[in-house]
1. If we keep just the residues of region 240-264 that are within 13 Å of ligand 2 (Cβ to nearest atom) and in contact with an Asp or Glu (Cβ under 6 Å, 6 or more places away or on another chain), which is farthest from Thr38 (Cα to Cα)?
2. Under 8 Å between Cβ atoms, which residue pairs at least 6 apart in sequence (or on different chains) link something in region 148-176 that is part of a helix (DSSP H, G or I) with a partner that is basic (Lys, Arg)?
3. Could you please let me know if Ile227 is in contact with a helix residue (DSSP H, G or I) (Cβ under 7 Å, 6 or more places away or on another chain), among the aliphatic types (A, V, I, L, M) and surrounded by 14 or more Cβ atoms within 10 Å (Cβ to Cβ)?
4. Return a yes/no flag: does region 27-39 have any residue that is in a loop (DSSP other than H, G, I, E, B), within 14 Å of ligand 2 (Cβ to nearest atom) and in contact with an Asp or Glu (Cβ under 9 Å, 6 or more places away or on another chain).
5. Of all residues in region 76-94, which are more than 16 Å from ligand 2 (Cβ to nearest atom) and in contact with a helix residue (DSSP H, G or I) (Cβ under 7 Å, 6 or more places away or on another chain)?
6. Filter region 192-241 for residues that are closer than 29 Å to Gly2 by Cβ, touching a residue at least 60 places away in the same chain (Cβ under 8 Å), part of a loop (DSSP other than H, G, I, E, B) and more than 16 Å from ligand 1 (Cβ to nearest atom) and give the result.
Amino acid sequence: MGNKVDLHMHTTSSDGKDTPEIIVRKAKELGIKMISITDHDNIDSLELTKKLCDQEKIKFVNGVELSVMFNTPYYKEGKKPFELHVLGYGFDKDDQTLHHELKINEEFRLKRILKMVEKVNAVLKENNQPLITESESQEMINKTKGAVGRPHLAQLLVDKKIVKDFNEAFNSYLVELNVPKRIITLEEGSKLIRKAGGKIILAHPGNGGSHSLSDLTTDLKVQEKIIISMLDYIDGIECYYWTHTKEQREFYINFAKKNNLIITGGTDHHGGEREQIGQLEIDDSVMEQFD
Ligand SMILES: [Zn+2]
Ligand SMILES: [Zn+2]
């Protein structure tokens, strides 16, 4: 075990605070040998990070974290598809289909938020409250670099003192006025990454509350059945993760070995206090799988 590899990190191209320059500098200082950047539905930081890693002799793997929809009979009688995070690694970042898909996704996200602003404004107008101005919504979009969603709109409503907190923003406005997301299925995500020459990994299965299997069930026996049902579409499991217990980690590693899956891990570094780059023990053998 060591701290030589970190394959899950976010930059300012999605919801991370650190630029590629800061991340590579930190990796260098910590003596990390291999990293990947896995921004949400975005691959804009890959080129620069690769260049910086080449200069510092750090091994770099292209990465991305995708949100996908997954149907499982274990989810509330199988009635509702379920949102899940997966990681793509080692794909060709210039793949046209991948670029196209991510672009459509980003455009849809902008349209979705603008539609919601319109709906919120209609209600505010009815109640004689101050409306969200065009410059306010533009600022919200610019700040979030294309990754804009309901939490950002909730924050704007709090900032404008229309509501007192996130709960009220959602309960009074954003649940009822929601516009559905556009989201690809696990099967589509898998095809997208594999066609671009990459591998697709089930992200942080044991991390409840972050679009993971543990949101469905923390029972590892049931998780095992669900992962088996995904085997046609995944190549690996993120076994090492900062919130995984020893029991979870060992369970995922054993399962991956038994099923010939890639074993990955990372801190999910966002540049905040916790989950810092390099602060997770990951077996060195993880690196060899990417040779
Ligand atoms: Zn995630
Ligand atoms: Zn992440």
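Values quoted throughout were computed directly from the atomic coordinates according to the rules given, and no laboratory measurement underlies them. Remember, predicted model here, so these are calculated numbers, not experimental data. Neighbour counts run over all protein chains shown; Cβ positions are idealised from the backbone, glycine included.
1. Initially, region 240-264 is screened for residues within 13 Å of ligand 2 (Cβ to nearest atom), giving 241-243, 264.
So of that shortlist, the ones also in contact with an Asp or Glu (Cβ under 6 Å, 6 or more places away or on another chain) come out as 242, 264.
Numbers: Trp242: 16, Thr264: 13 Å.
This residue is Trp242.
2. His152/Lys143; Val158/Lys164; Phe170/Arg150; Leu174/Arg150
3. Yes; evaluated as a whole, the condition is true for this residue.
4. Start the filter on region 27-39 by keeping residues that are in a loop (DSSP other than H, G, I, E, B), which leaves 31-33, 37-39.
Imposing the further condition that a residue be within 14 Å of ligand 2 (Cβ to nearest atom) reduces the set to 37-39.
Next cut, in contact with an Asp or Glu (Cβ under 9 Å, 6 or more places away or on another chain) only: 38-39.
For region 27-39, residues in a loop (DSSP other than H, G, I, E, B), within 14 Å of ligand 2 (Cβ to nearest atom) and in contact with an Asp or Glu (Cβ under 9 Å, 6 or more places away or on another chain): present.
5. If we filter region 76-94 for residues that are more than 16 Å from ligand 2 (Cβ to nearest atom), which is where we start, we get 76-82, 90-94.
Answer for region 76-94, where residues must be more than 16 Å from ligand 2 (Cβ to nearest atom) and in contact with a helix residue (DSSP H, G or I) (Cβ under 7 Å, 6 or more places away or on another chain): Phe91, Lys93.
6. Gly197, Gly198
Conditions tested, residue by residue: (1) surrounded by 22 or more Cβ atoms within 10 Å (Cβ to Cβ); (2) within 16 Å of ligand 1 (Cβ to nearest atom).
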position	(1), (2)
Met9	yes, yes
Pro20	yes, no
Ile23	yes, no
Glu47	no, no
Lys59	no, no
Val68	yes, yes
Asn71	no, no
Gln96	no, no
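Table: residues versus (1) among the polar types (S, T, N, Q); (2) more than 20 Å from Ile200 (Cα to Cα); (3) surrounded by 19 or more Cβ atoms within 10 Å (Cβ to Cβ).
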site: Tyr252; (1), (2), (3): no, no, yes
site: Leu261; (1), (2), (3): no, no, yes
site: Asp268; (1), (2), (3): no, no, yes
site: Gly278; (1), (2), (3): no, yes, yes
site: Glu281; (1), (2), (3): no, yes, no
